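The values are calculated or read from the model by the stated rules, or taken from the named source; none is laboratory data. Computed from a predicted structure; not experimentally measured. Here the Cβ positions follow ideal geometry from the backbone for every residue, glycine too, while neighbour counts run over all protein chains shown.
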């Protein structure tokens, strides 16, 4: 059964995808032919070791052009992410306590590491609460601006809100 060069190349390349233990098992099945195969593989390796592979002609792999994401796709992904985060937040039964009032020492030099860690944790919680308050404030301003835009009572809603 004759094997073409193309098939031989395909089989040699495929051997490289196996783990070392799998190749050893395959060679054990070969029995007496292992020595002949070993010599042949060594010859191929020796001939290929100095070959410059930059100028080998053949089919070059087509590089996939990155697909351009439209603004609408970005917006849809953002809305989906917001909805997912909102569902997670609403599913959580924990009460979200927003601590804003906290004592701060005038000097940190006399504090232990644990005390400093606790103060740091409080400051992080305060920053989180302030960010949430800022977001709620902007949401409410947006609702108010929307009302003013559609209301006939105000001539220029932008001037009113400055």
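Residue check: is residue 10 surrounded by 10 or more Cβ atoms within 10 Å (Cβ to Cβ) and either at pLDDT below 75 or not in a loop (DSSP other than H, G, I, E, B) (or both)?
Criteria met by residue 10.
Scan the stretch 87-103 for residues that are assigned to a loop (DSSP other than H, G, I, E, B) and more than 17 Å from residue 129 (Cα to Cα) and report the count.
Residues in the stretch 87-103 being assigned to a loop (DSSP other than H, G, I, E, B) and more than 17 Å from residue 129 (Cα to Cα): 2 in total.
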